[in-house]
Amino acid sequence: MFGIADYLGIDLDLALIVIAALLALVVILLIITIVNAVHLKKLKERYRIFMSGKGAKSLEETLIKRLDQVDGLLAANKENERNIAKLFENNQFIFQKVGLVKYDAFSEMGGKLSFSVALLNEKNDGFIINAMHSREGCYTYIKEIIEGNSIIVLSDDEKKALDQAMNSKQPLQSE
């Protein structure tokens, strides 16, 4: 009898090995196909749940809403940055350094009722107020300070107040 193996010119044992290998390959591919089908089914279920959204809202509506919120936050952030820059700009003109010295202006007076207070801005511009208390009354003087100096001679107590103010903690600087 003349068979396919004889027609192809191969040995029958070799043909059986090839057929068995091809059959094993088909079984392996069938298993892989089933595993992929199960994974695809799970993925489709996750996609359906993801696309359904809360309260029947679509994913597109939710994304558009969130993007609008992000745009609003970006605009608010730019406004905040402008306001902060303006605050730093204005900060250099406010009095932020203070020095205070209490003293007895006259030997017959007690209780350190006299004082010198220095108020300076970031550039050490400002003034010193000196209040001297005596039995006859209280006398108040003011002296202008420009870049940490006065064109009018300062008393020792006024110098101490000015030094305290100039050496007080420096304000926050803008970068």
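How are the alpha carbon pair distances in the chain distributed across 5 Å bins from zero to the largest one, expressed in percent?
Binned Cα distances yield the sequence 1, 7, 8, 7, 6, 5, 5, 4, 4, 4, 4, 4, 4, 4, 4, 4, 4, 3, 3, 3, 3, 2, 2, 2, 2, 1, 1, 0, 0, 0.
Need the full-extension length gain, N90 to E136, defined as separation in residues times 0.36 nm minus the C-alpha distance. One decimal, nm.
Numbers: separation 46, 0.36 × 46 = 16.56 nm, distance 4.19 nm.
Net length gain for the segment: 12.4 nm.
Once both axes come from the Cα atoms, what is the angle between helix 156-166 and the longest principal axis of the chain, in degrees from 0 to 90, rounded to 10?
On a 0 to 90 degree scale, this one is about 10.
With +1 on each Lys and Arg Cβ and -1 on each Asp and Glu Cβ, how big is the dipole of the chain about its Cα centre, in debye rounded to the nearest 20?
Working: 21 positive and 23 negative charges, 159 e Å.
With Lys and Arg at +1 and Asp and Glu at -1, about 760 debye.
Compute the helix-to-body angle for 59-91: its Cα long axis versus the longest principal axis of the chain, expressed 0 to 90° and rounded to tens.
So the inclination is approximately 20 degrees.
Treating only the Cβ of Lys, Arg, Asp and Glu as charged (+1, +1, -1, -1), what charge dipole size does segment 97-166 show about its Cα centre? Round to the nearest 20 debye.
140 debye
In nm, to one decimal, how far is the A24 label point from the L74 one, both placed 7 Å along Cα→Cβ?
5.9 nm
With the contact rule set at Cα under 8 Å and sequence spacing of 6 or more, what percent relative contact order holds for segment 113-175? Write down the numbers at each step before the final one.
On the way: 90 pairs, mean separation 20.4, N = 63.
Answer for segment 113-175 is 32 percent.
Take peptides 158-168, 141-151 and line them up by average Cβ neighbours within 10 Å, highest first, as a rough protection proxy.
Values: 158-168: 18.3, 141-151: 13.4.
Peptide ranking by packing, descending: 158-168, 141-151.
Measure nothing fancy, just the Cα-based angle from helix 12-52's long axis to the longest principal axis of the chain, in degrees from 0 to 90, nearest 10.
That works out to roughly 40 degrees.
Nearest 0.05, what FRET efficiency do A37 and L14 give at R0 = 30 Å with Cβ-Cβ as r?
Values: r = 35 Å, r/R0 = 1.16.
Working from the Cβ atoms, E equals 0.30.
For S107, S116, S155, S134, which order do you get if you count the other beta carbons within 10 Å of each Cβ and list the fewest first? Write out the running numbers ahead of the final one.
Values: S107 6, S116 26, S155 17, S134 13.
So the ranking, lowest neighbour count to highest, is S107, S134, S155, S116.
Which whole-number percent gives the relative contact order of the chain, counting Cα pairs below 8 Å spaced six or more residues apart?
Numbers: 190 pairs, mean separation 27.0, N = 175.
Value for the chain: 15 percent.
Projecting each Cα onto the charge dipole of the chain (Lys/Arg +1, Asp/Glu -1 at the beta carbon, about the Cα centre), which of I128, N80, V117 comes out farthest on the positive side?
Farthest towards the positive end: N80.
Rule-based calculations on the coordinates, nothing more; no lab input. Predicted model, so just to flag it, every value in this text is computed and none were measured. Cβ sites come from the backbone with ideal geometry, for glycine too, and all protein chains shown count toward neighbours.
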